[in-house]
Amino acid sequence: MTMSGAKCMLKYVIKKICGLLAVLFGVSVLTFILTTFIQGNPAEIALRRAGIDPTPEDIAMMEIQLGLDRSVPEQYIMWMGSALRLDFGQSNISRRPVTEELVSRLPATATLAIGAFILMFVLSVPIGILSVVFHGKWVDKIISALTFTGMGIPGFVLGTVLLYFISVRFSLLPMIGEITLARHILPVMTLALPMACRYVRIVKGGILDVLGEDYIFLLRVQGLKETTILYGNALRNAFIPILNLMGLSFGTLLGGAIVVETIFSWPGLGSFLMSSIAARDYPVVIAYILLMATFFVIINFLVDLIACFLDPRISLKEEARAR
């Protein structure tokens, strides 16, 4: 890489980091402000959850303990200072540290998201390539019909159907109980299959777009085999934009696990968020939103960096646009 290319890449990385920090700050401000307008008094809810029939004096004392008697800007500044130390306060319901509550449930959600991402990748890329190889033939038409149908099935419908037939009707996989490898199968499938259907079409479209480029025509004129052109050139060049989309999809899998975790009684972040929203446990809700936003933005940042290293022309294009 030349010196000018290295400078362009450094500027690109710094620009991305600044954008990451700005997005996280905006998310923290927005989520904190929005939660202050949600109806319900967290102090009263916390007291009632503890089995206390609160008086106005009890509620006032609890508001002081929770810092709810301060102004919104003061509450945000105090919260942000603590959040930078990964201290999101205590859950209004369990009275345990919010960070501890989230960290204890993060592995369960992460295993679902990682498993679904791997399954989605393993299914979508080979089937997408197969659809390109047999483009216009009956194999391609069957794949197109199946993926189009799969894209239209909502996750909660697919999860309910799988749960009923595989776990309830035929008892092939466990529905509840200890978190084992067998219990991962149905929720992972529910998360992965609709997204895999979308990416089969994305992979196919990306490769076909590259195969229509002028340089591919020149490679054919030079006598290269179609398999060499497909795997040695088209697939590699089509994969960079697909990689960017897949990185964003991993963040989507983390957030999309909420419905799946609820259906399969999965002890992860999603089900915990639903119970926290129902109980108006604001510290947990705010911390969850900021955590998911952080994961999403960081994953997007890392994918951008990987794409930039795979194709340094990306940073040069960004530099040209800035000018």
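The values are calculated or read from the model by the stated rules, or taken from the named source; none is laboratory data. Predicted model, so just to flag it, every value in this text is computed and none were measured. Here the Cβ is made from the backbone with ideal geometry for all residues, glycine too, and neighbour counts use every protein chain on show.
Okay, residues lined up against (1) assigned to a helix (DSSP H, G or I); (2) among the small types (Gly, Ala, Ser):
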{"residue": "Asn237", "(1), (2)": "yes, no"}
{"residue": "Gly251", "(1), (2)": "yes, yes"}
{"residue": "Glu261", "(1), (2)": "yes, no"}
{"residue": "Ser265", "(1), (2)": "no, yes"}
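When the residues of the stretch 151-166 are filtered to those that are in contact (Cβ under 8 Å) with a residue 24 or more places away in the chain and in a helix (DSSP H, G or I), the one that is farthest from Phe264 (Cα to Cα) is Met151. If you check Ala116, Ala110, Ala83, Ala43 for being within 23 Å of the chain's Cα centre (by Cα) and not assigned by TED's automatic domain parsing to the domain that holds Val260, only one passes: Ala83. Go through the stretch 147-179 and give me each residue that's among the aliphatic types (A, V, I, L, M) and closer than 18 Å to Leu191 by Cβ. Passing the criteria: Met151, Ile153, Val157, Leu158, Val161, Leu162, Leu163, Ile166, Leu173, Met175, Ile179. Against the test of being more than 27 Å from the chain's Cα centre (by Cα) and either of a type outside the set (A, V, I, L, M, F, W, C) or at pLDDT 85 or above (or both), the options Gly212, Gly177 yield a single qualifying residue, Gly212. Give the stretch 68-115 a look and list any residue that's small (Gly, Ala, Ser) and more than 21 Å from Leu30 (Cβ to Cβ), or say none. Residues satisfying the conditions are Ser91, Ser94, Ser104, Ala108, Ala110, Ala113, Gly115.
Pairs are defined by a Cβ separation below 8 Å, a sequence spacing of at least 6 or placement on different chains, a first member in the stretch 79-96 that is under 15 Å from Met62 (Cα atoms) and without any contact (Cβ under 8 Å) to a residue 60 or more places away in the chain, and a second member that is acidic (Asp, Glu) and in a helix (DSSP H, G or I); the pairs so defined are Ser94/Glu101. Scanning the stretch 209-254 for residues that are surrounded by fewer than 16 Cβ atoms within 10 Å (Cβ to Cβ) and of a type in the set (Gly, Ala, Ser), we see that the one that is farthest from Trp266 (Cα to Cα) is Gly223. Ile38 meets all of the listed conditions (1) modelled with pLDDT of 80 or more; (2) outside any helix (DSSP H, G or I); (3) of a type in the set (Val, Ile, Thr) but one, namely (1).
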